[in-house]
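In what follows, a structure is listed as structure tokens, so that the remarks can point back to it.
The values are calculated or read from the model by the stated rules, or taken from the named source; none is laboratory data. Everything numeric in this text was worked out from a predicted model, so none of it was measured. Backbone-built Cβ (ideal geometry, glycine too); neighbour counts: all protein chains shown.
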Amino acid sequence: MILASTLTTNLAILVLAGFIGFVVISKVPNTLHTPLMSGTNAIHGIVLLGGLLLLGLTELGAFSKALLVIAVAFGTINIVGGFLVTDRMLEMFKVKPGGRDTGKDGGDGGEAKSAGDGREGGS
Amino acid sequence: MTGLAPATVFLQSESFIYVLYIVAVALFIQGLRGLAGPTTAVRGNRIAAVGMGIAVIATLLNSSEGNWGLIALGIALGVAVGVPAARQVKMTAMPQMVALFNGVGGGAVALISWVEFRHYGSTYGSHAIHSVIDHPASCVARNRFEEECSSALIPTSVHIGGVPTYVAIFSVFAAIVGSVSFWGSNIAFGKLQEIIPGRPISFGSAQQIVNFVLLILALAAGIDLVAGAHSELLFIGMLLVAALLGNAVVLPIGGADMPVVISMLNAFTGLSAAATGVALNNPALIVAGMIVGASGSILTNLMATAMNRSIPAIVAGGFGGGGAVAGAEGAGEHAGTVRSTTAADAAIQLAYANRVMIVPGYGMAVAQAQHAVRELTKELEKRQVEVSYAIHPVAGRMPGHMNVLLAEADVPYDQLKEMDEANPEFQRTDVALVIGANDVTNPAAKNTPSSPIYGMPILEVADSHSVIVIKRSMNPGFAGIENELYFDPKTAMLFGDAKSAVSEITAELAQL
């Protein structure tokens with residue numbers, strides 16, 4: 001009987017995730033490539049988890065702790081900054097109600113933005 | 001664990017945390033699917049953000065040990081920097097912002113690998129001294145399953161008493177790639193922010209050798225570490241060599257190649273996160289990292305294709321030499337045949353057109369002219385002129401740069417045409433208005449086999465009935481190549497800053 005080791009399981013996840021990523025990202029139009037980059041930057045902030053896991057260890061020296069605090073801060077910048085800035089950009093891409101001739105709709109944009117910010121603060 | 005309530009035990013169980021990770025990862029993928037269109041994109045981004053929240057909570061459940069103060073400190077620092085930056089950044093500065101965020105991510109990976117080495121490095125290689133059995137915490141914190149925590153059952157490929165060799169390999173790999181992308185991204189940021197000159201800085205022909213030597217040094221140090229050199233000094237040395245490599249790769253790259261570099265660094269940080277995920281046995285990190293890696297790779301490839309250049313050629317740097325020679329030849333050939341125009345004439349030409357295609361480039365971003373361009377469009381639409389925008393994939397400094405600027409100026413999404421969509425329409429276009437774009441409109445890419453940009457897909461502006469080019473001066477673009485378009489008899493040049501030139505045309509239009 002072949003036992004799937006942690007390594008092989010993880011490699012399977014790695015390869016499959018690569019394919020899924022390829023398929024999903026291929027569908028993103030050129031127009032949205034900047035938000036895609038900042039959005040994937042935000043997702044990359046997941047390295048925060050690595051920092052959190054290691055901070056859970058016992059017997060960490062002061063220097064290790066300092067490094068990890070910086071890593072956690074970096075990861076948080078990625079997550080919070082990345083999702084916020086992507087939200088800001090995507091709000092601008094929203095198809096404005098009323099078709100192509102509508103001018104600026106300042107009130108609407110502002111409201112949607114503050115809703116987005118509220119959510120970020122909560123998570 | 002004996003004293004804990006059953007609910008707490010359940011919440012901290014590996015299965016439950018694993019399920020949360022699966023949920024988080026599914027939300028990431030669902031969120032990115034939303035980016036397939038502008039109507040679903042906002043929602044998609046928020047779905048991904050919720051996924052991230054779940055992944056973070058799951059991890060916090062797992063870290064039973066504490067250090068909560070430090071975790072809070074790190075997160076507070078990140079929020080204090082990230083939120084204002086994201087709120088205040090101008091859309092024209094988005095490439096810098098993305099480069100900076102990307103660098104920060106790479107830096108986080110490198111630091112995490114460093115701490116891993118500090119903690120587990122003594123068990124790398126076959127000379128393992130410590131036994132994991134003495135450190136049950138490492139099993140918990142690393143979310144390891146029984147096979148590696150009970151040493152008796154460790155398969156032969158795993159060194160007795162140490163972390164498995166593959167963990168060391170992935171961790172060291174993540175450290176190198178993370179350090180390269182941290183420094184590379186910071187250099188890219190510096191160039192885009194114009195702290196560092198945007199022109200290529202290199203050792204010339206020795207550049208490739210230098211890069212190669214640095215790469216070999218970093219790899220050699222990495223292999224030595226995996227094999228069991230328990231030297232933190234060596235690890236730091238490896239990080240430094242990787243840092244030099246990041247500098248050496250990005251410094252020689254000029255402004256117009258930035259879209260490729262930024263995408264490539266994006267792919268690097270993604271892959272480094274995935275490697276960290278394998279080292280830490282964390283599925284959420286693996287999947288998220290691979291998705292980012294796939295995204296960066298796709299974009300890198302798209303950008304390189306849109307410039308008709310191979311990725312190695314861009315990394316090796318070197319557009320300058322050949323381009324400058326060709327530019328000099330071109331100047332000699334064409335000198336004196338340029339027709340210049342005035343804002344008033346341009347306004348008349350535009351006012352009597354049926355269809356106008358606007359071709360924006362980096363010049364529009366530099367001059368922050370996007371709002372002025374939108375005003376011009378509105379004025380033209382009042383006169384029943386049909387206006388759309390033709391956008392080359394590498395216009396600007398990052399993928400999709402022009403689109404974001406125009407979206408900021410409230411240009412409707414359906415007026416933005418991608419290259420393949422726009423090119424057939426030039427033949428039916430009365431006036432093509434080129435604003436700060438150069439190489440991407442150069443017919444030499446189609447007609448002159450000796451040109452350095454020959455073969456690069458371009459916007460076929462020359463097909464339209466007439467062309468107005470707004471440009472500061474006759475200086476050739478980044479590639480140093482003279483643009484044949486400017487010498488075309490149907491092209492009129494309007495010299496000046498993009499913003500003021502466009503505003504002048506709008507003012508003239510209003511008076512017609």
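Values computed for the structure shown
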{"quantity": "Flag for B:Ala110 being aliphatic (A, V, I, L, M) and farther than 29 Å from B:Leu233 by Cα", "calculated": "no"}
{"quantity": "Those residues of the stretch B:112-124 which are at the interface with chain A (Cβ under 9 Å from one of its Cβ atoms) and either touching a residue at least 24 places away in the same chain (Cβ under 8 Å) or out of contact with any helix residue (DSSP H, G or I) (no Cβ under 6 Å at 6 or more places or on another chain) (or both), in sequence order", "calculated": "B:Ile112, B:Ser113, B:Trp114, B:Glu116, B:Arg118, B:His119"}
{"quantity": "Condition met for B:Asn266 (of a type in the set (S, T, N, Q), in contact (Cβ under 8 Å) with a residue 60 or more places away in the chain, surrounded by fewer than 24 Cβ atoms within 10 Å (Cβ to Cβ) and assigned to a helix (DSSP H, G or I))", "calculated": "no"}
{"quantity": "Output for the stretch A:38-72, where each listed residue is in contact with a helix residue (DSSP H, G or I) (Cβ under 7 Å, 6 or more places away or on another chain), part of a helix (DSSP H, G or I) and not aliphatic (A, V, I, L, M)", "calculated": "A:Ser38, A:Gly39, A:Thr40, A:Asn41, A:His44, A:Gly50, A:Gly51, A:Ser64, A:Lys65"}
{"quantity": "Looking only at the stretch A:17-37, and only at residues there that are of a type outside the set (A, V, I, L, M) and not in a helix (DSSP H, G or I), the one that is nearest to B:Ile286 (Cα to Cα)", "calculated": "A:Lys27"}
{"quantity": "Qualifying positions in the stretch B:187-202 - surrounded by fewer than 17 Cβ atoms within 10 Å (Cβ to Cβ), over 17 Å from B:Ala243 (Cβ atoms) and hydrophobic (A, V, I, L, M, F, W, C)", "calculated": "B:Ile195"}
{"quantity": "Helices (runs of 4 or more DSSP H) within the stretch B:103-208 that include 2 or more residues at pLDDT 85 or above", "calculated": "B:165-192"}
{"quantity": "Residue check for A:Glu59: of a type outside the set (Val, Ile, Thr) and more than 7 Å from chain B (Cβ to nearest Cβ)", "calculated": "yes"}
{"quantity": "Condition met for B:Val56 (assigned to a helix (DSSP H, G or I), β-branched (Val, Ile, Thr) and modelled with pLDDT of 95 or more)", "calculated": "no"}
{"quantity": "Among (1) at pLDDT 85 or above; (2) surrounded by fewer than 24 Cβ atoms within 10 Å (Cβ to Cβ); (3) at negative phi, the one test that B:Ala256 misses", "calculated": "(1)"}
{"quantity": "Residue list for the stretch B:394-410, filter: assigned to a loop (DSSP other than H, G, I, E, B) and surrounded by fewer than 24 Cβ atoms within 10 Å (Cβ to Cβ)", "calculated": "B:Ala409, B:Asp410"}
{"quantity": "Qualifying positions in the stretch B:419-441 - closer than 23 Å to B:Lys378 by Cβ, under 26 Å from the mean Cα position of the chain (by Cα) and of a type in the set (Asp, Glu)", "calculated": "B:Glu421"}
{"quantity": "Unique residue being surrounded by fewer than 21 Cβ atoms within 10 Å (Cβ to Cβ) and farther than 28 Å from B:Val177 by Cβ when the list is B:Leu77, B:Leu70, B:Leu61", "calculated": "B:Leu61"}
{"quantity": "Residues satisfying the stated conditions in the stretch B:80-110, i.e. surrounded by 20 or more Cβ atoms within 10 Å (Cβ to Cβ), more than 7 Å from every other protein chain (Cβ to nearest Cβ) and of a type in the set (Gly, Ala, Ser)", "calculated": "B:Ala99, B:Gly103, B:Gly106, B:Ala110"}
{"quantity": "Matching option when the condition is out of contact with any strand residue (DSSP E or B) (no Cβ under 8 Å at 6 or more places or on another chain), surrounded by 21 or more Cβ atoms within 10 Å (Cβ to Cβ), among the charged types (D, E, K, R) and within 24 Å of B:Leu405 (Cα to Cα), among B:Lys471, B:Lys499", "calculated": "B:Lys499"}
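Table: residues versus (1) over 19 Å from B:Ala288 (Cβ atoms); (2) touching a His at 6+ places or on another chain (Cβ under 7 Å); (3) in contact (Cβ under 8 Å) with a residue 60 or more places away in the chain.
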position: B:Pro38; (1), (2), (3): yes, no, yes
position: B:Val42; (1), (2), (3): yes, no, no
position: B:Asn45; (1), (2), (3): no, no, no
position: B:Met52; (1), (2), (3): no, no, no
position: B:Ala55; (1), (2), (3): no, no, yes
position: B:Asn62; (1), (2), (3): no, no, yes
position: B:Gly69; (1), (2), (3): yes, no, no
position: B:Leu77; (1), (2), (3): yes, no, no
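Let's see how each residue does on (1) more than 14 Å from chain A (Cβ to nearest Cβ); (2) part of a loop (DSSP other than H, G, I, E, B); (3) under 24 Å from B:Leu416 (Cα atoms); (4) of a type in the set (Gly, Ala, Ser):
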{"site": "B:Ala7", "(1), (2), (3), (4)": "yes, no, no, yes"}
{"site": "B:Ile17", "(1), (2), (3), (4)": "no, no, no, no"}
{"site": "B:Arg33", "(1), (2), (3), (4)": "no, no, yes, no"}
{"site": "B:Asn45", "(1), (2), (3), (4)": "no, no, yes, no"}
